[in-house]
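Undergrad: Below you will find the structure I want to go over with you.
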Amino acid sequence: MAWLVPMPVAGPLLVAAVIAAVGGMFPRRLVDALATVTAGAVLVVCVVLAREAGAGHGAPLVYWFGGWRPGSVARAGAFPVGVSFVVDPLGASMASLVSLLMLAAMMFSWAWFKEVKVFFRTIMLIFLAAMCGLCLTGDLFNLFVWFELMTAAGVTLCGYKSQESSPLQGALNFAVPNTIGAFMTLIGIGLVYAYTGSLNMAAAGETLRAHPPGSLALMALLLVSAGFLVKGALAPFHFWLADAHAVAPTPVSVLFSGVMVELGLFAIWRVYWGVFSGIPDAPEHAVRVLLLLVGTLTAVWGGLMCYGQHHFKRLLAFSTVCHMGLMAIGVGLLSPRAAAGTALYVAGHACAKGAIFLISGIFLHRFGTVDEMELRGKGRWAPIAGVLMVIGALGLAGVPPFGTGFGGEMIDEAAKDAGAEWVKIVFIFGGAVTAGAVLRAAGRIYWNLGASMEATAARAPRIEERRETRGHEGATPWTMWLPAAALLLVGMGISVWPGLQEAALHAAARMQETGNYRAVVLAGAGGGEGALARAALPAVHSSAGGIGTAAITVSLAVALAIAGLTGMLRGRVGRVVGAGIDWLRVLQSGQVGDYVAWLVAGMAAYGGVLLMGR
């Protein structure tokens, strides 16, 4: 299987080059089909790699480009001078999720998106290659390279509708904070390289274990993670996300919300366990405190802002911010069960949120707007989208069998083991408020329910959008609703796939057994499950408590939807919540200078948290 390892990156880049060079000479449908087939082929390859890496709970697949593996150069001895891809089950599964959403986005825009031409497909394939490379790389500098390529492609796609002013502003707000974060990441990588003499994650981790760097490890970890914190839209680095989501083409928003921001958190998880864990005086407690704090702040901030939106794409963007906070909590617990639960949660959320974003594209196609107020009562002309919208809202609420349900339950169990029972409350809040906002929008769009929201609408930013499609506005083509339905089916099938939860638990345990990981990468040794994976891991099952939590979350979501439609939040409590949302909305100024100031302040604050948490 070694020859397959570079294919998820090399394949899309090669096809992108071909389309850019000669795609204009061929019919558009042929170019659309070639790009879509490429995304499908990458999905198949990534699934095969995930199965191979997880077969028998064995060692990860290690591929050294050009054969420059440790010991291949006499004067370097066992020192790794080459670049490697390290394919473990979680990384390959993340690449599979990337490919799945890319396939859905490609199909959605097939033959309908006005601005498609060869350039859109070219940039989308480059975006796919960069995200897959970030999932699979075992090298710190190449992690930065894929991160930067992903950012460049993402900024270009965000501003693709350049005939409008809003996309250019959204692209600028996307580019500047992410670029500053990337510079901080590069400085952090430089610190690691200066101390260890290596850019390979496993080799750098071995050097840090043999020669503990003290407080330098905390500084390097914070700086390396800076760009990924921004990309992951974790507060207070999240401001750019809603500005970008609201103006990006619908297929691009699916990728931004479903996998791109999650890759920021995945990169933090990869860097911590690959480089900084297992060293003497490891910053484990400090990292746990920081991620739990950041996750809680992000979930509450994003949830409140989500409920206060009437522009449907901005509503979904802030929903993503909220759920990113929940995922950060799962990663921050630093346990195999929590990591496995987070992986399932990421997959379930990606499918549900991707489907709902596609539905927003259907609204824009049929009615020329995604404003909740302007769509009031028009949904009856797109009934399939309404059914899918409600199912997607249940996915956001964490209802089994969605991956968000079983993943959230595993995170809750890990939190109880860590003495953090309060985590359940945050998850209930996040699921209820985001699902409630979507259900409120569905009630207004499809059943013309509820009092108008003129006061709220007047305070919210006004975003002008144009149709992304051409012709046939009176019907919804199957290439639009079928990808949304397929994503929801996959999101529900994740948790019921036989043995998937146990496999995720073992994969997370293996990844967190750093000694085994480093031995496999550097010497080709190991190959077993390691001490953590061989330990008696608790069985995974759906408990009555998890079902009860889902029932509470859905009940609260319905109550919030009804309250928003009936004006029940106009009382004293509603005024307090509304004042809080208005204050947060002021911070979401749209001015890139403000976002940079928050970035610097957040980095300083989180550096202090890391130092105090030692």
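The values are calculated or read from the model by the stated rules, or taken from the named source; none is laboratory data. Since we're looking at a predicted model, the values are computed, not measured. So basically every Cβ, Gly included, is an ideal-geometry build from the backbone, and we count neighbours across all protein chains shown. Accessible surface is based on the protein model in full, side chains and every heavy atom, while ligands, DNA and RNA are left aside. Shrake-Rupley method; radii C 1.70, N 1.55, O 1.52, S 1.80 Å.
Undergrad: Would it be correct to say that ASN173 is over 25 Å from TRP68 (Cβ atoms), at pLDDT below 95 and open to solvent by less than 40 Å² (accessible area, probe 1.4 Å)?
TA: Answer is yes for this residue.
Undergrad: Okay, next question. Taking helices (runs of 4 or more DSSP H) that fall entirely within region 454-568, which contain at least 3 residues that are modelled with pLDDT under 75?
TA: Those helices (runs of 4 or more DSSP H) span 454-459, 530-534, 544-566.
Undergrad: Here is a follow-up. Suppose the filter is part of a loop (DSSP other than H, G, I, E, B) and more than 26 Å from TRP481 (Cα to Cα); does LEU334 pass it?
TA: yes
Undergrad: Limited to region 584-614, what total is found for residues that are more than 21 Å from ALA244 (Cα to Cα), at pLDDT below 90 and among the aliphatic types (A, V, I, L, M)?
TA: Summing the residues that are more than 21 Å from ALA244 (Cα to Cα), at pLDDT below 90 and among the aliphatic types (A, V, I, L, M) in region 584-614 gives 4.
Undergrad: May I pose another question? Which pairs do you get when a residue that is in a loop (DSSP other than H, G, I, E, B), found in region 196-216, comes within reach of a residue that is surrounded by 14 or more Cβ atoms within 10 Å (Cβ to Cβ), reach meaning Cβ atoms under 6 angstrom, with the pair 6+ apart or on two chains?
TA: Between residues of region 196-216 that are in a loop (DSSP other than H, G, I, E, B) and residues that are surrounded by 14 or more Cβ atoms within 10 Å (Cβ to Cβ), the close pairs are SER198/ALA204; LEU199/ASP139; LEU199/LEU140; LEU199/PHE141; LEU199/TYR193; PRO212/ILE279; PRO213/TYR195.
Undergrad: Kindly list the number of the only condition in (1) surrounded by fewer than 24 Cβ atoms within 10 Å (Cβ to Cβ); (2) touching a His at 6+ places or on another chain (Cβ under 8 Å) that fails for LEU199.
TA: Condition (2) is where LEU199 drops out.
Undergrad: Would you check which residues across region 342-367 are touching an Asp or Glu at 6+ places or on another chain (Cβ under 8 Å) and open to solvent by 20 Å² or more (accessible area, probe 1.4 Å) and list them?
TA: ARG366, PHE367
Undergrad: Among the residues of region 151-162, is there at least one that is within 28 Å of SER84 (Cβ to Cβ), surrounded by fewer than 24 Cβ atoms within 10 Å (Cβ to Cβ) and not polar (S, T, N, Q)?
TA: Yes: one or more hits.
Undergrad: Right, next: Please work out which residue is farthest from THR250 (Cα to Cα), limiting yourself to region 177-214 and to residues that are out of contact with any Leu (no Cβ under 9 Å at 6 or more places or on another chain) and of a type in the set (Val, Ile, Thr).
TA: Per the stated criteria, the residue is THR207.
Undergrad: Right, something else. So in region 88-120, with the set limited to residues that are aromatic (Phe, Trp, Tyr) and open to solvent by 40 Å² or more (accessible area, probe 1.4 Å), which one is modelled with the lowest pLDDT?
TA: TRP112
Undergrad: Limited to region 384-401, what total is found for residues that are surrounded by fewer than 19 Cβ atoms within 10 Å (Cβ to Cβ), part of a helix (DSSP H, G or I) and touching a residue at least 60 places away in the same chain (Cβ under 8 Å)?
TA: Matching residues across region 384-401 total 2.
Undergrad: Could you grab me the full set of residues in region 272-302 that are surrounded by fewer than 24 Cβ atoms within 10 Å (Cβ to Cβ), part of a helix (DSSP H, G or I) and among the polar types (S, T, N, Q)?
TA: THR296
Undergrad: Looking at MET184 and the list (1) open to solvent by 10 Å² or more (accessible area, probe 1.4 Å); (2) over 24 Å from the mean Cα position of the chain (by Cα); (3) not small (Gly, Ala, Ser), which single condition is not satisfied?
TA: Only one criterion in (1) open to solvent by 10 Å² or more (accessible area, probe 1.4 Å); (2) over 24 Å from the mean Cα position of the chain (by Cα); (3) not small (Gly, Ala, Ser) is unmet by MET184, namely (2).
Undergrad: Name every residue in region 328-364 that is at pLDDT 95 or above and charged (D, E, K, R), in order of residue number.
TA: Matches in region 328-364: LYS353 only.
Undergrad: Limited to region 442-453, what total is found for residues that are among the aliphatic types (A, V, I, L, M) and either open to solvent by 30 Å² or more (accessible area, probe 1.4 Å) or modelled with pLDDT under 50 (or both)?
TA: 2
Undergrad: Restricting attention to region 121-150, which residues are open to solvent by less than 10 Å² (accessible area, probe 1.4 Å), aliphatic (A, V, I, L, M) and more than 29 Å from ARG28 (Cα to Cα)?
TA: LEU134, LEU136, LEU140, LEU143
Undergrad: Does ILE581 count as assigned to a helix (DSSP H, G or I), at pLDDT below 90 and among the β-branched types (Val, Ile, Thr)?
TA: The answer is yes for ILE581.
Undergrad: Residue check: is LEU149 over 22 Å from PHE318 (Cβ atoms) and in a helix (DSSP H, G or I)?
TA: Answer is yes for this residue.
Undergrad: What's the number of the only condition in (1) part of a helix (DSSP H, G or I); (2) surrounded by fewer than 24 Cβ atoms within 10 Å (Cβ to Cβ) that ALA339 fails to meet?
TA: Only one criterion is unmet by ALA339, namely (2).
Undergrad: Okay, moving on. So, restricting to helices (runs of 4 or more DSSP H) that lie completely within region 230-271, which ones have at least 3 residues that are over 18 Å from ILE329 (Cα atoms)?
TA: Because the criterion is at least 3 residues that are over 18 Å from ILE329 (Cα atoms), the helices (runs of 4 or more DSSP H) in region 230-271 that meet it are 239-247, 250-255.
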